[in-house]
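The values are calculated or read from the model by the stated rules, or taken from the named source; none is laboratory data. These numbers were taken from a predicted model, which means no experiment stands behind them. All Cβ positions, glycine included, derive from the backbone under ideal geometry; neighbour counts span all protein chains shown.
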Amino acid sequence: MSKTEFLQDLKRELEGRIPYSVIQENLRYYDTYISEEAAKGQSEDEVIESLGGPRIIARTILDAAFDTEDRPDGYESYGGEGSSEGYEDNSRRESESSMHRNIHYVDFSKWHVRLIAGLVVFLVIFLLMTVFFGIIGLASWILSYIWPVLLVFLILWMFRGPGR
């Protein structure tokens, strides 16, 4: 397996599962690692074989990404300093970075995010119950004053009969 195939397979395994910036960071890391090890005298195939394959590395990256509390936000696009130009063309990279530009992630592993989410849920439930019981209370208040009038109409209706 060549370095290009390895990096493409790794990207394919990670896409849609973790923020785009984490994917790009790992692709840069493994691109640099393979190049450095190849410069030391090993072939690219030997280095890639020693890594264990893109699926195993992707699983490790995913596990690490979901265990940390300071994950990147997914806004960084690929192509800064130290980027590899060997396996993607610029037009594809630009379309992918624009596609991932407006993705927002909420990290529920942080205590303050869970607290805010809990307060929002509590507030929504409280408002719904207030509106519901307010309507019921208003209806019961109106009926408490209007029931004698309704009783008179019912008696008149019984003596006159339905719609003559």
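Quick notes on this one:
- If you filter the stretch 11-42 down to residues that are assigned to a helix (DSSP H, G or I), polar (S, T, N, Q) and farther than 30 Å from Val106 by Cβ, you find that the one that is nearest to the chain's Cα centre (by Cα) is Thr32.
- Inside the stretch 43-87, residues that are at pLDDT below 55 and under 27 Å from the mean Cα position of the chain (by Cα) make up a count of 13.
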